[in-house]
Amino acid sequence: MENSRKSGLDCPPHPYQIFTWLYNFASIFVFYFFIVPSQPYLIQILMSSLFGLSQLLLLFYAFLLTKSNPTDPILYKKKKINLDETYITFCSLCYSEVSPDSKHCMKCNRCVHKFDHHCKFVNNCIGKSNYNLFLKTAILMEMVETIFLVCCTYTIYNWSADLNGLKEKINQDYGENADVVLIAICSAFEFLTIAILFANGYLLLFHIWLIKHKMTTYDFISKNKPKSSSMDLTSITDSFGAKVTPTVLIGLPQFTVNK
Ligand SMILES: [Zn+2]
Ligand SMILES: [Zn+2]
């Protein structure tokens with residue numbers, strides 16, 4: 001268990017993790033400093049409360065997911081291997097007994113109970129103990145991005161159709177030609193938000209399908225890997241880039257492999 005990661009808060013952070021937090025805080029800044037002030041008063045209240053509430057929930061669940069520790073709890077019990085048992089599930093990398101359905105994540109160097117995948121965006125493994133948190137975070141992400149996209153599109157539409165005296169209002173508040181800068185920023189965030197909405201939506205639909213078929217991402221990838229004889233089960237790379245290794249069943253005390 002030495003040199004193993006416990007949660008997504010452990011250093012070093014993954015570049016995707018840094019990008020996600022930076023993007024999120026940048027979108028909050030754009031929303032409250034550019035999009036909201038350029039709306040009529042009632043719409044300001046509606047936009048602020050909807051976006052604010054869903055953002056708070058998203059930040060809360062994303063933090064809980066990053067902080068969670070999905071390591072197989074057996075590894076903390078320091079349970080001694082009972083040599084009388086005919087077969088136990090043993091991880092040669094953790095050098096410990098583990099749950100039969102645990103997998104060893106090579107990025108975190110620990111066994112994870114009901115391993116699903118290693119998520120680079122929170123830099124943590126997703127397993128049995130934090131799968132619900134992962135789903136809640138992904139659903140909230142989709143909600144936040146949808147609200148942001150609608151508000152952003154509404155602002156761009158109002159500007160291009162010159163409704164509600166938006167161009168004049170922005171230029172009065174921020175200076176000459178400020179409306180062009182604001183719309184350029186909104187458009188850049190709009191494209192990024194559409195890309196995130198599609199990617200996250202696809203991920204959510206995939207997990208709904210997995211739940212329906214009682215599978216994990218790991219099961220899906222191992223099942224769909226070409227059945228060539230050269231398949232190296234000790235280094236399966238999932239679609240999220242994590243290398244995992246199946247835990248080996250070792251018959252004790254003979255130490256023969258039982259697959
Ligand atoms: Zn292990
Ligand atoms: Zn991991």
Check: Which ones in the range 124-170 are touching a helix residue (DSSP H, G or I) at 6+ places or on another chain (Cβ under 9 Å) and assigned to a strand (DSSP E or B)?
Finding: Asn124, Ile126
Next item on the list: Mind listing just one residue for me: the one in the range 85-128 that is of a type in the set (D, E, K, R) and within 13 Å of ligand 1 (Cβ to nearest atom) and, of those, farthest from Asn24 (Cα to Cα)?
Entry: Glu97
Check: Only one of these conditions is not met by Tyr131: (1) in contact (Cβ under 8 Å) with a residue 24 or more places away in the chain; (2) within 16 Å of ligand 2 (Cβ to nearest atom). Which number is it?
Finding: (1)
Margin query: One residue is enough: does the range 146-158 have a residue meeting the conditions within 16 Å of ligand 1 (Cβ to nearest atom), aliphatic (A, V, I, L, M) and at pLDDT 80 or above?
Written below: no
Item checked: Test result for Asn171, at pLDDT 80 or above, out of contact with any Ser or Thr (no Cβ under 9 Å at 6 or more places or on another chain) and not basic (Lys, Arg) -> no
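Okay, residues lined up against (1) crowded, with 18+ Cβ neighbours inside 10 Å; (2) within 28 Å of the chain's Cα centre (by Cα); (3) more than 17 Å from Gln44 (Cβ to Cβ); (4) among the charged types (D, E, K, R):
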| residue | (1), (2), (3), (4) |
| --- | --- |
| Asn132 | no, yes, yes, no |
| Asn171 | no, no, yes, no |
| Leu182 | yes, no, no, no |
| Ser187 | no, yes, yes, no |
| Phe198 | no, yes, yes, no |
Checklist line | Single unsatisfied condition, Gly201 versus (1) in contact with a Phe, Trp or Tyr (Cβ under 6 Å, 6 or more places away or on another chain); (2) at pLDDT 90 or above; (3) farther than 28 Å from Asn69 by Cβ | finding: (1)
Item checked: Some residue of the range 28-41 being aliphatic (A, V, I, L, M), surrounded by 13 or more Cβ atoms within 10 Å (Cβ to Cβ), closer than 24 Å to Lys128 by Cβ and at pLDDT 90 or above -> no
Check: Does Thr66 satisfy the condition of being over 25 Å from Cys152 (Cβ atoms), in a strand (DSSP E or B) and touching a strand residue (DSSP E or B) at 6+ places or on another chain (Cβ under 7 Å)?
Finding: no
Notebook entry, point to check: Which ones in the range 171-223 are among the aliphatic types (A, V, I, L, M) and not in a helix (DSSP H, G or I)?
Noted result: Met215
Checklist line | Selection from the range 105-123 of residues that are outside any loop (DSSP other than H, G, I, E, B) and within 9 Å of ligand 2 (Cβ to nearest atom) | finding: Cys105, Arg110, Val112, His117, His118, Cys119
Note to self: Could you list, ordered by first residue, the pairs with Cβ atoms under 6 Å in which the first is in the range 94-112 and under 12 Å from Pro73 (Cβ atoms) and the second is acidic (Asp, Glu) and more than 7 Å from ligand 1 (Cβ to nearest atom), at least 6 apart or interchain?
What the structure shows: Val98/Asp72; Ser99/Asp72; Ser102/Asp72; Cys111/Asp72
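The values are calculated or read from the model by the stated rules, or taken from the named source; none is laboratory data. Worth saying up front: this structure is predicted, and the values here are computed from it rather than measured. Please note: Cβ atoms are built from the backbone with ideal geometry, for glycine as well, and neighbour counts cover all protein chains shown.
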